[in-house]
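*Asks:* First, the structure itself, so that you have it in front of you.
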Amino acid sequence: MTDIKQGTITVTIDGKEIGCSPGELLIEVAKRAGIYIPYFCYHPRMDPVGACRMCLINLQPGPPKPQTACTTRVADGMVVQTQFANADVREAQQGVLEFLLINHPLDCPICDRGGECPLQDQTQDYGAAESRFVEAKRRFEKAVPISPLIKLDRERCILCYRCTRFCEELSGDTLIGVMERGSRAYIFPFEGEAFDSYFSGNTVQICPVGALTSTEYRFRARPWDVHNVGSTCNLCASGCSLHVGVRVQDGNVVRFSAATNEATNQEWLCDKGRYANAYISSPDRLTQPLVRRGDDLFAVTWNEAFEALATGLAPVMSGEAQAGVIVGGSVCDEDAYAAQKLAREALGTNNVDHRFEPGMSASELVLPSLTYDDVLGSDLVALVGCDVREELPILFLRLRIAATKRGLRTAIVHQREIALSEFADVFVQPLPGTEASLDEADLQVVSKALTDAERAVILLGPRMCTPETVSAWRAVAERTGARFGWLPRRAGEYGALAAGAHPELLPGWKPAPEKGLDTAGMLRAAADGGLHALWLVAADVTHDVADANLGRLALEKVPFLVVQDVQWSPLLEHADVVLPGATFVERDGTLTNWEGRRQGVKAAVDPPGAARADYAILAEVARRLGKPIGCRTAAAVKSELDAVLEEAKAAQAPNTESNPKTNTNTEVLGSGLRLLTYRLLYDDGSRIRDTAGLRELTPGAFVELNPADAELAGVADGQSVRVSSAHGSLTTNAQISKGIREGVAFVPWAQWGTTAQALISWDDLNPSVTVEPV
């Protein structure tokens, strides 16, 4: 029997001739041909080590003893016999399993891996029927927490080294290794280290036994009790595919796990995407509509809520007053589309926006044009103003893998050293807010690197979407021949742009005939009495927007406030009507990632109580107001949006004309330091604050200073300091680092206890600040 379909050489495995390429691993060739060779240590995305000795084969020509298929490279004419065709191989594999089980506890009934354990499966298929080992097995302290998210049962470990290899080769977080030697060897964090990698959950998923287990999932369900539903993560713009694990008996979501998607996340998830699901079943979930009567909110039926909305919106519907709609960054494309239809067709306004800080403008619109393959297939990636490990962690992971496995080079334009700086050919540190106008020397260095590369890519970070910054770096791309793209931070950003949740854009990126108010304009109008109604769809204008004081003032002053969300928040203290939304695991929809790739979100469980999907709520409100917008089912709204985007794609969706003013000021405005702020992966976010392990790993508030600036200010590492700007002040601890540029103070956004919001305003995101000891 032959199967010669590809490659330039032929090998024979169990009598089957197979075409392959020189240098391929034998185990991969066999797998492609449908011939299964058992293994534990082998992983297709990591270098082979031949540690477990399970993938034994007989090789001719070759040594007389069985060899490991995971380390053997094919050669023309090679003849191979697997366990199916060779008794010696079967006996050797049986011996390997017997050795692995010498110290492995037979605790399958209580092991979280039981039921989806390769060791269990292979022992049944290839192991001996009875054990000859009667001596005492080795013992360790049970379930040692090596991080707030991971527990380790050392006696279960079979030393396949998958976990340590993942950390060394892929994530770069070399925090765990092999302790002791011989029969006493075990995996453990290095002395003084904790396993606090952003990607630690991947080691649990690839562990072939139950040595590494998740604190969040441990003992919550058995694999055969869990129904997995494919979906897409909504916590950043990476667009990772995942499985939502639902316990069949009670319908509760018990775990998220990575789904294989070669186009996006391969088979990895960051720990935020994997573990930030406690909010779904939080006691703070909104399950009933609420209406304010006097000073208090009361639970009501949907009919009563619609009546209250009709009454509160009456001045808007009659044309006597204006309304505004603000959409959050975690909603699906369909929700953003329905929200802008509600605003434009029912409320009669273009006052609709999704941006919580100065974001992508219609004057310098960057449409999705790059993919993971484009970026990872380039030979130089210029990251401008993006701490990609903190803001799009899976993109970081894949960039790091490309850098270590095939030498992908980077050019970094950032005020701080970031996780990819070790691979940077060029590292430029402009002052915050001056990325659009690098000094001549820095610009020449970056431009030369881009020009010298054959397939260069420029990626602007989430904060780099002002018209002047986009215009400046688009010009650099044109001069150097580099491809150009933008990396939004939030999962719903590109989808909201395409859906028209923007005061200057209709769906399909078409210019709106009349410009509406953006988020800042709506909040100012509400605060000044110029807006009668404000509708917040999963949008916290006190926690997420660039000007929290303005957000709070708007909530206090606006006559009629509608809050549509999934959890209780301080917004409800000002709300007149509260509408309970469904989380992304409780409804169908799509999310558009940074590539412009629209991927499905699937309902894995029903919403609690009377909660509904956001698009359905908006559609029913419009119908009750006598202004139906359609969009009443997931299929209907998706079909309508699909048609709009297909039409826009056919027309090539041209950018609107622009004439941006370029900021050429490279000096610090005022005295003191220039503030830099952005979100770290773990923060005081509403979607992760209910997950205890993530909260424990959140770094907390700090201000990072260069040693020279710290010395000038008389500040020591760890000292309590006051950071002040023209807009306010906060007290936090100092962290001294050589990795940050002189003249810059970095305060992370929204950490426990404080946030950089106190220091900024909507029009001044990088103010001059002073730092002084308390």
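*Asks:* Which of the GluC sites (Glu not before Pro) found in the range 92-136 are loop residues per DSSP with 14 or fewer other Cβ atoms within 10 Å of their Cβ?
*Replies:* When the GluC sites (Glu not before Pro) of the range 92-136 are filtered for loop state and at most 14 Cβ neighbours within 10 Å, E116, E130, E135 remain.
*Asks:* Over the range 574-638, give the accessible area per residue in Å² for a 1.4 Å probe, as an integer.
*Replies:* Roughly 33 Å² per residue, with all protein chains present.
*Asks:* Next question. How are the C-alpha pair distances of the range 424-465 spread across 10 Å bins, as whole percents from the shortest bin up?
*Replies:* Going out from 0 Å in 10 Å bins, the range 424-465 shows 23, 57, 19 percent.
*Asks:* Roughly speaking, what % of Cα-Cα pairs in the range 217-286 are separated by over 19 Å, rounded to a whole number?
*Replies:* It works out to 35 percent of all Cα pairs.
*Asks:* For the range 1-111, what is the largest minus smallest coordinate of the Cα atoms on each principal axis, given in angstrom and ordered from greatest to least?
*Replies:* 48, 30, 22
*Asks:* Additional query: Could you list log10 I(q)/I(0) for the chain at q = 0.11, 0.12 Å⁻¹, which the Debye formula gives when each Cα is one point scatterer?
*Replies:* -1.28, -1.43
*Asks:* OK, next. Among G581, Q564, A546, flag the residue with its Cα farthest along the positive direction of the charge dipole of the range 510-591, charges on Cβ as +1 for Lys/Arg and -1 for Asp/Glu.
*Replies:* With unit charges placed on the Cβ atoms, the residue in question is A546.
*Asks:* Hey, another quick one. Check L506: other-chain or 5+ apart residues with amide H under 5 Å from its amide H, H built from backbone geometry?
*Replies:* A512
*Asks:* Can you sort R389, R32, R409 by 1.4 Å-probe accessible area, starting with the largest?
*Replies:* Descending order: R32, R409, R389.
*Asks:* Out of all DSSP beta bridges in the chain, what portion is antiparallel? Express it as a percent rounded to 5. Please report the intermediate quantities before stating the final value.
*Replies:* Numbers: 64 of 109 bridges.
That works out to approximately 60 percent antiparallel.
*Asks:* Could I ask something else about it? Can you tell me the relative contact order of the range 150-215? Whole percent, Cα pairs under 8 Å, sequence separation 6 or more.
*Replies:* 47 percent
*Asks:* Starting from the Kirkwood radius over alpha-carbon pairs of the range 565-657, derive D by Stokes-Einstein at 10 °C in a medium of 1.306 mPa s and give it in µm² s⁻¹.
*Replies:* Approximately 103 µm²/s, per Stokes-Einstein.
*Asks:* So, one more: Can you give the Kirkwood hydrodynamic radius for the range 120-237, in Å, rounded to one decimal and based on Cα pairs?
*Replies:* Values: mean 1/r = 0.0614 Å⁻¹.
Computed over the range 120-237, the radius equals 16.3 Å.
*Asks:* Continuing with this model, one more query. Take the Cα radius of gyration of the range 39-98 and divide it by 2.2 N^0.38 Å, with N its residue count; two decimals is plenty.
*Replies:* Against the empirical 2.2 N^0.38 Å value, I get 1.09 for the range 39-98.
*Asks:* Once the principal axes of the Cα atoms of the range 376-420 are found, what is the range along each, listed largest first in whole angstroms?
*Replies:* 27, 18, 14
*Asks:* Using DSSP to call loops (not H, G, I, E or B), can you name the GluC sites (Glu not before Pro) in the range 423-479 whose Cβ has at most 15 other Cβ atoms within 10 angstrom?
*Replies:* E454
*Asks:* For an R0 of 25 angstrom, estimate the FRET efficiency from the Cβ-Cβ distance between E135 and T174 and round to the nearest 0.05.
*Replies:* The computed FRET efficiency comes out at 0.10.
*Asks:* Stokes-Einstein diffusion coefficient for the range 165-211 at 20 °C in a medium of 1.002 mPa s, Rh from the Kirkwood formula over Cα pairs: what value in µm²/s?
*Replies:* Here the translational diffusion coefficient equals 187 µm²/s.
*Asks:* Anything over 29 Å Cα to Cα? Flag those among K341/K557; K448/K510; K448/K649; K515/K627, in the order listed.
*Replies:* Result: K448/K510; K448/K649 exceed 29 Å.
*Asks:* Right, next: Given a cut-off of 14 Å, what percent of all Cα-Cα pairs of the range 705-774 lie beyond it?
*Replies:* Summing the P(r) tail past 14 Å for the range 705-774 gives 56 percent.
*Asks:* Let me ask another. To the nearest 20 debye, what is the magnitude of the charge dipole of the range 433-577 about its Cα centre, counting +1 on the Cβ of each Lys and Arg and -1 on the Cβ of each Asp and Glu?
*Replies:* Details: 13 positive and 20 negative charges, 79 e Å.
About 380 debye.
*Asks:* Shifting gears a bit: What are the semi-axes of the equivalent ellipsoid for the range 107-154, taken as the square roots of 5 times the Cα gyration tensor eigenvalues, largest first, in whole Å?
*Replies:* 25, 16, 7
*Asks:* What's the magnitude of the charge dipole for the chain around its Cα centre, counting Lys and Arg as +1 and Asp and Glu as -1 at the beta-carbon? Answer in Debye, nearest 20.
*Replies:* Magnitude of the dipole: close to 1540 debye.
*Asks:* Is it possible to state the helix-based mean residue ellipticity at 222 nm for the chain, with each DSSP H run of 4+ residues giving -39500 (n - 2.57), the sum divided by total residues, to the nearest 500 deg cm²/dmol? What is it?
*Replies:* Rounded to the nearest 500, the figure is -7000 deg cm²/dmol.
*Asks:* Taking amide H positions as placed 1.01 Å from N in the peptide plane, with prolines and chain starts having none, which residues 5 or more places from A258, or on another chain, fall under 5 Å of its amide H?
*Replies:* Result for A258 returns H243.
*Asks:* Now for a separate question. Tell me which of I150, F199, A185 sits at the most positive position along the dipole axis of the range 136-221, charges placed on C-beta atoms (Lys, Arg +1; Asp, Glu -1).
*Replies:* A185
*Asks:* Extending each Cα 7 Å along its Cβ direction at V144 and D425, get the distance between those two points in nm, one decimal.
*Replies:* The two pseudo-label positions are separated by 4.4 nm.
*Asks:* Check each of the GluC sites (Glu not before Pro) in the range 136-215 and keep only those in coil by DSSP with at most 12 other C-beta atoms within 10 angstrom; list them in order.
*Replies:* E141, E180, E191
*Asks:* Let me ask something else about it. What net charge do the residues around P66 carry, taking every other residue with its C-beta under 12 Å from that of P66, with Lys and Arg at +1 and Asp and Glu at -1?
*Replies:* Neighbour charge sum, excluding P66 itself: +1.
*Asks:* Next question, about the same structure. How large is the translational diffusion coefficient of the range 285-406 in µm² per second when you combine the Kirkwood radius over alpha carbon pairs with Stokes-Einstein at 37 °C and 0.692 mPa s?
*Replies:* 173 µm²/s
*Asks:* Quick one: ranking M522, M179 by accessible area, 1.4 Å probe, largest first, what do you get?
*Replies:* Details: M522 0, M179 40 Å².
Ranked list, largest accessible area first: M179, M522.
*Asks:* If you stretched the chain out fully between E98 and F190, how much longer would it get, using 0.36 nm times the residue separation minus the C-alpha to C-alpha distance?
*Replies:* This chain segment gains 30.1 nm when fully extended.
*Asks:* For the range 213-334, count the residues as N, evaluate 2.2 N^0.38 Å, and divide the Cα radius of gyration by that value, please. Don't jump to the answer; show the numbers that get you there.
*Replies:* Details: Rg = 20.1 Å, N = 122, 2.2 N^0.38 = 13.7 Å.
In units of the 2.2 N^0.38 Å rule of thumb, it is 1.47.
*Asks:* Once every Cα of the range 436-578 carries one equal point scatterer and solvent is ignored, give the base-10 log of I(q)/I(0) from the Debye formula at q = 0.09, 0.14 Å⁻¹, two decimals.
*Replies:* -0.42, -0.81
*Asks:* Also, I was wondering about something else. ³J(HN,Hα) across the range 529-546 via Karplus (A = 6.51, B = -1.76, C = 1.60, θ = phi - 60°), whole Hz, x for Gly/Pro?
*Replies:* After applying 6.51 cos²θ - 1.76 cosθ + 1.60, I find x, x, 10, 7, 10, 10, 10, 10, 9, 6, 10, 9, 7, 9, 9, 9, 6, 5 Hz.
*Asks:* Would you mind calculating the relative contact order of the chain from Cα pairs under 8 angstrom and at least 6 residues apart, reporting the percent as a whole number?
*Replies:* In percent, rounded to a whole number, it is 12.
*Asks:* Using a 1.4 Å probe over the heavy atoms of the protein chains, calculate the carbon and sulfur portion of the accessible area of the range 209-324 as a whole percent.
*Replies:* 48 percent
*Asks:* Something else now. Quick one: compute the contact order of the range 589-632, relative version, from alpha carbon pairs under 8 angstrom and 6+ residues apart, as a percent.
*Replies:* 23 percent.
The values are calculated or read from the model by the stated rules, or taken from the named source; none is laboratory data. All of these numbers come straight from a predicted model, not from anything done at the bench. All Cβ positions, glycine included, derive from the backbone under ideal geometry; neighbour counts span all protein chains shown. The area values use the complete protein model at the heavy-atom level, side chains included, leaving out ligands, DNA and RNA. Shrake-Rupley method; radii C 1.70, N 1.55, O 1.52, S 1.80 Å.
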